[in-house]
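Nothing in this text is a laboratory measurement; each read-out follows from the coordinates by a stated rule. These figures come from a predicted structure and were not determined experimentally. Every residue, glycine among them, receives a Cβ derived from its backbone with ideal geometry; neighbour counts consider all protein chains shown.
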Amino acid sequence: MHKRYLLATVAAFATAGGAAAQDQTLNVFNWSDYIAEGVLDQFTEETGIAVNYDVYDSNETLEARLLAGNSGFDVVVPTSDFMQRQIAAGVYQPLDKSRLPNLEHMDDDLMAAAENYDPGNEYGVIYMWGTTGLGYNADAVAERLGEDYEVDSWEILFDPEIVSQFEDCGVTVLDAPSEMLPAAMNYLGLDPRSTDPDDLEAGAALLEEIRPHIRYFHSSQYISDLANGNVCLSVGWSGDVFQARDRAAEAENGVEVGYIIPEEGALQWFDMMGIPADAPNPDAAHEFINFIMRPEITAEITNYVWYANANEDSLSMVDEEITSDPGIFPPEEVRARLWTAQPYDVRTDRLVTRIWTRIKTGQ
Ligand code: SPD
């Protein structure tokens, strides 16, 4: 999905920044539904740097643009496992930490976790983090499985007899093979991080079994569809499902959306801000990353997009409704059930791409 926004106005140039800044443009490529209204305008007002903001909804889309070279982007937001292999491919430039004083606000433990992908946090800073779980329409579940049924397991998706009951109201999964195959493998009791072709094929077989009941594979459309009641069960990213819940509440349409991290566990991921090696404006990129790391700006974003952040000093400004929600900031006992991804090697990547095409096309 590609929408192009030119969010900064010429009028904004006049309000701040020196003459040099007035000529500057920053090109940001970020996930859709992932920034608070007003944040980009505030950056432009303060710095005089205009922002071109473009969005995607898959790591594969971002990666294709970066590997092709000359993307023109100054700041991008890959997920950490994808970033790891992109770092190896020379896609990023090291961050100049002397220009990022707001790094002091970041949570040491979470940045240490991100070091598993980027030793020394040389290339990336956590933007937001989350989990990949299940979004559901509470009434649709109660109608089909009874008022007492508690959605707490991947069985609602991966048990063919159960998921078949939701076919009429709409089941969706992410168009993200590196997340869907591990989720299926984990449900089967296999290691979700396994790259053994037999394990991947076992996950694929399960997905093929439930394939007839899936309405679509897409990684952003489910937000509005869950909110409007057009679908009732979605594999989704934590904040996106909470945005759906929020939209339904605002619309007062009677749709009640829930999100769970299933008891069998789920993927925990980190989305990282990084600067491509060939970024046209690395100075503005550093300024932008430092701006985002301001505690009040990060808090504003989390309050808008419902994703957890890794900015410790922002948390006192994040709505309690968000910090206290176990689906957004999971407590320790839930975190113990989360797994993290590791990047696929080239051979596994090719196999996964083939498997995914087979699953999606149903052939
Ligand atoms: N709408 C924002 C979605 C952000 C999702 N990040 C990707 C996580 C991949 N594991």
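Below is a table of values for the structure above.
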read-out	value
For peptides 57-65, 87-95, sequence by mean Cβ density within 10 Å, most packed first	57-65, 87-95
Pairwise FRET efficiency - GLN363 versus THR195, Cβ, R0 = 25 Å, nearest 0.05	0.60
Full-stretch length increase - GLU296, GLU332 - with 0.36 nm per residue and alpha-carbon distance subtracted	10.4 nm
Cβ-based charge dipole, the chain, positive-most Cα from VAL241, PRO177, LEU226	PRO177
Label-to-label distance, nm, for residues given as ASP23 and ASP96 (7 Å Cα→Cβ offset)	1.8 nm
C-alpha center-to-center spacing [the stretch 291-363, the stretch 35-71] in angstrom	19 Å
Using alpha-carbon coordinates, inclination of helix 295-305 to the longest axis of the chain, degrees	30 degrees
Hypothetical label at MET317: residues of the stretch 211-255 whose amide nitrogen lies under 15 Å (7 Å Cα-Cβ projection)	none
GluC sites (Glu not before Pro) within the stretch 219-266: DSSP coil, no more than 13 neighbouring Cβ in 10 Å	GLU252, GLU263
Sites ASN303 and THR348 - FRET efficiency at Förster radius 45 Å, r taken between beta-carbons, to 0.05	0.75
Beta bridges per DSSP with both ends in the chain, % antiparallel, nearest 5	60 percent
The chain, dipole about Cα centre (Lys/Arg Cβ +1, Asp/Glu Cβ -1), debye to the nearest 20	1460 debye
Cut-off 12 Å, label 7 Å out along Cα→Cβ of THR340, residues of the stretch 42-83 by amide N	80-82
Paramagnetic label zone (point 7 Å from Cα along Cα-to-C-beta, ASP139; backbone N under 11 Å) in the stretch 246-261	253-257
TRP306, TRP237, TRP339 arranged by Cβ crowding within 10 Å, fewest neighbours leading	TRP339, TRP306, TRP237
